[in-house]
Amino acid sequence: MQHRSHINFPQTLIHSQVKMAEGDLKLLGTWPSPFVLRIKMVLQQKGLSYEYLEQDLKNKGELLLKHNPIYKKIPILIHGDRSICESLVILQYIDENWSDIGPPLLPADPYERAMARFWAAYIDEKFVGSFWGILKAATEEAKAEKIADSFGVLQQLEGVFKKCSAGTGKGFFGGDTIGFIDVTLGSQLSWIKAVEKISGVKLLDKTKIPLLMEWEKRFLAIDFVKNTLPNVEKVVEYGRLLQATTWKVTPAK
Amino acid sequence: MERSPSSLKLFGSWASSYTHRVQLAMKLKNIQFEYIEEDLANKSEALLQFNPIYKKVPVLVHNDRPIAESVIILQYVDEVWSDRPVLPTDPYERSVARFWCHFADDKLGPAVGAVFASSGEVQKAAVDQVHENLALIERELREGFFKGKKFFGGESIGLLDIVLGCGSYWLAVFDEVMTDVKLVDPEALPLFHAWLREFEALDEVKETIPAVDKLLEYAKAVRQMLLGMSNNATADSPTATASASATAPVPDITVDS
């Protein structure tokens, strides 16, 4: 499959392809959700224009309830009369439906694809369980356990990146351009940093995960990543709010 | 008869519905492989080496490269052996199949497992969950995306049939074992019930799923053990049932073991 560097994507080419791809795309989401952020990143990488609709999860609107009656969650991608739910399902839909434009999100090789799916699912499971677990922990003991888990996850991913890039010197899990694992992990970055600030633990430590920290630099340098990831201070504020209201955790000082 | 190529191995467990999914796909595609039965109470070095993250079955090892997680394995198999495809070709249809596979493993499976591992009020709540989840599938069959289709995959079984089917046969087994529980009421879920009958009638399915009496015997033993473990605390308390399933040496039969 022809690769075009996402960074050097010609402006004129994007414009004509946006016209072709126009099929009434709507993305329902909330600004802090990493599951939504990754969709935004990929839509931008593909050069697809879409309408973004911020949702109030405390007061779920008709559109949300109509298009995701099963889970009543975001993100939801509405494409014409189609609704697609679950972020990793949405990503694959975008990749497959617009396979002829932009760089592919999943690799061509079936084994590499299986690995990408496996690690993306792992990242999401661990993010909710371990990283958010740090914020939700009610005791110092529980918090320490989640912190240890989170370090373990990052070590694991350091190893995965090492394997992915071994010998190829490629900058991303996806190779030359960002792929499935990149957006799944990358969309969590603001939250990981917010967890660091709230809990006082340095998770993104270049002495422990040097390859991932280099990857992070490259990832954050991408335009559509920069203009998608929310400001960490805003996420910190939101995280503290969740601790106080939804999770009812009194953070230890 | 051709000897199974050792370049393709499947680590599984005879009572694991997740293993059956892969075996069924292999049968549909006529793929030869070596099957290795795992004792889940005493996992082999090989399994732990091939699936260090989750330490579960099924694991497919192809040319010494392991793939874990049944739905990921199914997609891998479909992509490598393109005969008799299991996923549809249309991107939207694929997304619908993937969504419902996620639902099956994320909501339905755990709810069924919760029914099996509990009793009393906790079980009643879990049964309600199962009914709710099955009703959602029934609705999709009645008026949604799968309306008028013989199988979720259309005229022949596909990914979602395999995922839902290999698992749904436990529903009747559980109904047998727990006589005061009814998970599938044919009157409340006529289309789901009809689909399940069609699925179970297929030769490939009959050749893949173990005999009902074996499943029944196994289920009875597991249930007895699970309830026995929660005898120290009230059977109704969530912590009792949670710890029962967490410490059970016999694998939870409704999740990847």
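The values are calculated or read from the model by the stated rules, or taken from the named source; none is laboratory data. Because the structure is a prediction, the values reported are computed rather than measured. Counting neighbours? That spans all protein chains shown, and the Cβs are built from the backbone with ideal geometry, glycine included. Keep in mind that these areas ignore ligands, DNA and RNA; they rest on the heavy atoms of the full protein, side chains included. Shrake-Rupley method; radii C 1.70, N 1.55, O 1.52, S 1.80 Å.
Computed with a 1.4 Å probe on the full set of protein chains, the accessible area for residue A:207 sits at about 120 Å².
When you filter the trypsin sites (Lys or Arg not before Pro) in segment B:1-106 for DSSP loop state and at most 14 other Cβ atoms inside 10 Å of their Cβ, you are left with B:3.
For the protein assembly as shown, the fraction of 1.4 Å probe accessible surface lying on carbon and sulfur atoms is 52 percent. Note on segment B:1-135: antiparallel DSSP beta bridges, both residues inside, total approximately 65 percent of the bridges counted. Working value for chain A: equivalent-ellipsoid semi-axes of 30, 24, 15 Å, each the square root of 5 times a Cα gyration tensor eigenvalue, largest first.
Specify the residue with the greatest mean-square fluctuation among A:225, A:128, A:42, computed from a Gaussian network of chain A linking alpha-carbon atoms under 10 Å apart. Highest fluctuation among the options: A:128. For trypsin sites (Lys or Arg not before Pro), the sites in segment A:69-158 that DSSP calls loop and that have at most 15 other Cβ atoms within 10 Å are A:72. Projected label points at residue B:44 and residue A:237, each 7 Å from Cα along the beta carbon direction, are separated by 5.7 nanometres. Spatial offset of segment B:166-204 relative to segment B:126-155 amounts to 13 Å, using the alpha carbon center of each. Here the spin labels are modelled as points 7 Å beyond Cα on the Cα-Cβ line, and at residue A:128 and residue B:156 they lie 3.5 nm apart. Pairwise Cα distances in the protein assembly as shown exceed 39 Å in 26 percent of cases. Taken along the Cα-to-beta-carbon direction at a fixed 7 Å, the label points for residue B:14 and residue A:108 span 4.5 nm. Once you reduce segment A:226-249 and segment A:64-133 to the center of their Cα atoms, the two points are 23 Å from each other. Just A:43, A:63, A:27 to compare: in a GNM of chain A, with alpha carbon springs under 10 Å, which one fluctuates most? Result for chain A, Cα springs under 10 Å: A:63 fluctuates most.
The ellipsoid equivalent to the alpha-carbon distribution of chain B has semi-axes of 29, 25, 15 angstrom, derived from the gyration tensor eigenvalues as √(5λ) and listed largest first. Shielding by partners for peptide A:93-105, expressed as the average number of C-beta atoms from other protein chains within 10 Å of each residue's C-beta, is 2.
For segment A:21-155, rounded, prolate or oblate, judged on the Cα gyration tensor with a ≥ b ≥ c (square roots of eigenvalues), a/c < 1.5 rounded, else prolate if a/b > b/c? Taking the square roots of the gyration eigenvalues as a ≥ b ≥ c, segment A:21-155 is oblate. If R0 is 41 Å, the Cβ-Cβ spacing of residue B:204 and residue A:166 corresponds to a FRET efficiency of close to 0.55.
Label zone (residue A:151, point 7 Å along Cα-to-C-beta; backbone nitrogen cut-off 15 Å) within segment A:121-140: A:131, A:134.
Between residue A:246 and residue B:36, take the C-beta separation as r, use R0 = 41 Å, and let me know the FRET efficiency to the nearest 0.05. The value I calculate is 0.35. Seen from residue A:97, the other residues with C-beta closer than 12 Å to its C-beta sum to a net charge of -2, counting Lys and Arg as +1 and Asp and Glu as -1. Interface burial in segment B:69-115, defined as at least 40 Å² less accessible area with all protein chains than with the chain alone at a 1.4 Å probe, covers B:72, B:76, B:79, B:91, B:92, B:95, B:98, B:99, B:102.
Annotation: the antiparallel percentage among DSSP beta bridges lying fully within the protein assembly as shown is about 70.
Filter the GluC sites (Glu not before Pro) in segment A:21-121 to those in DSSP coil with at most 11 other Cβ atoms within 10 Å of their Cβ, and list the result. Passing both the DSSP loop test and the Cβ count: A:22.
Bridge orientation summary for chain B: considering DSSP beta bridges with both residues in this region, about 70 percent are antiparallel. Of the residues A:31, A:132, A:98, the one with the largest accessible area comes first in the ranking A:31, A:132, A:98, computed with a 1.4 Å probe on protein heavy atoms.
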